[in-house]
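Report on one structure; see the data block that follows.
The values are calculated or read from the model by the stated rules, or taken from the named source; none is laboratory data. Here the structure is a predicted model, which means the values were calculated and not measured. Here the Cβ is made from the backbone with ideal geometry for all residues, glycine too, and neighbour counts use every protein chain on show.
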Amino acid sequence: MKRLPTLILTMILLCSVCVLGQGKINYYATANINFHLRKTPSKEGRKVVQIIEDETVAVLRVDGEWALCQKGNSKGYAYVEWLRRYRPLNAYKHPIPGTTRQSGLAVMKLPAMLATEGVVPSVLLPGDVVAVHNVQGQTADVNIWQGKSILQNSAFEYTPFPKPEDALPGEAIAAFTTFWNKDTGRRLHDNRVFNIHESARRIDNVMIEPAGSFSFNAYCAPYRKSNGYLLAPNISQDGSGYGGGVCQVSTTLLLAVAQLPVCVDKWELHSSYGVPYAPLWLDSAVGNFSDLAFTNQMPYAIRLSAKAQQDCVTVVVYRTD
């Protein structure tokens, strides 16, 4: 009970609409480096106020390479790359910089191989479900690793996403896919894939009511042998741990729900270097001291579908009755 006032204040800070001058807060972000907000969107602009590395900054809007921020009663511009972990108060209206809205789902009819330059190809099999975008002519784009690849339309059946406000019960409204290949995890490859399948199974078919919150750790933690996980590579000093690979599922989930009206309540990055299977600064670390949590801001309940496949995992979000 003693935690209740603190919890209320935290939620007010993160999810309320805050007004300063002509704008309202749409994100909270974390400083990558020490820098000064600028009076104008220019690195040569007059310095307004200093921001310290790892400090939390309120962001009013993002325009191209510049973000209008506030600190106390001061407003100024920050170069977008001076900040990381943009936590939106409504991800649909104000997408996280660097995210790509997927336009629909592709269900594979034929086998295919996807790769970007310098990466061993990943395999898609008939029946695999993949999020795609930029579907036109004879091809569709697929986000893979930190780049993209192309699928021929003849290899899949395509279902576009409706706008969330127009979706009918049972329709898919967002999704994302991340990949691995035969070299991922090296000698512990099979263990890592097992952990991905296990954590995907645990969040599959989870429903989140309107104004309801989701916590990845509530379904998947603790990441221990006693909880059914295997030893596999992870992003840590030791380089491996029980549950290695589950962060690929939490990352895929983040990139799926970031296309919808949600408030991202908890989100941590692995490091400033990112992870190979997701765009830079768009990964989601989960563990003893980190979680992925969000609040459903839509007027209807949603259902998560998490499907680990041959060389990829896809998280789909559905509108429910």
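Determine if region 69-78 includes at least one residue that is at pLDDT 95 or above and under 17 Å from residue 267 (Cβ atoms). No: zero hits.
Within the set of pairs 6+ apart or on separate chains, which have a first residue in region 162-187 that is in contact (Cβ under 8 Å) with a residue 60 or more places away in the chain, a second that is of a type in the set (D, E, K, R) and loosely packed, with under 11 Cβ neighbours inside 10 Å, and C-beta atoms under 6 Å apart? That search, which allows pairs on different chains as well, returns 169/321.
Among the residues of region 169-182, the ones that are more than 13 Å from residue 302 (Cβ to Cβ) and not charged (D, E, K, R) come to 6 in all. Taken over region 22-66, the criterion of being of a type in the set (Gly, Ala, Ser) and either out of contact with any Lys or Arg (no Cβ under 7 Å at 6 or more places or on another chain) or exposed (fewer than 13 other Cβ atoms within 10 Å of the Cβ) (or both) is satisfied by 31, 42, 58, 64.
Considering only residues that are outside any strand (DSSP E or B) and either surrounded by 20 or more Cβ atoms within 10 Å (Cβ to Cβ) or within 22 Å of the chain's Cα centre (by Cα) (or both), which ones fall in region 144-175? Answer for region 144-175, where residues must be outside any strand (DSSP E or B) and either surrounded by 20 or more Cβ atoms within 10 Å (Cβ to Cβ) or within 22 Å of the chain's Cα centre (by Cα) (or both): 145, 146, 161, 162, 163, 164, 165, 167, 171. Checked against (1) in a strand (DSSP E or B); (2) farther than 15 Å from residue 177 by Cβ; (3) not aliphatic (A, V, I, L, M), residue 97 meets all criteria but (1). Looking across region 235-276, the residues that are at pLDDT below 95, hydroxyl-bearing (Ser, Thr, Tyr) and either under 9 Å from the mean Cα position of the chain (by Cα) or not in a strand (DSSP E or B) (or both) come down to 236, 271, 272, 273. Being in contact with an Asp or Glu (Cβ under 7 Å, 6 or more places away or on another chain), in the same structural domain as residue 234 (by TED's automatic domain parsing) and either exposed (fewer than 13 other Cβ atoms within 10 Å of the Cβ) or on the phi > 0 side of the Ramachandran plot (or both): is that true of residue 181 here? Answer is no for this residue. Apart from one condition, residue 121 fits all of (1) modelled with pLDDT of 95 or more; (2) in contact with a strand residue (DSSP E or B) (Cβ under 7 Å, 6 or more places away or on another chain); (3) not small (Gly, Ala, Ser); the exception is (1). Only residues that are touching a strand residue (DSSP E or B) at 6+ places or on another chain (Cβ under 9 Å), part of a loop (DSSP other than H, G, I, E, B) and more than 26 Å from residue 81 (Cβ to Cβ) were counted across region 292-321, and they come to 8.
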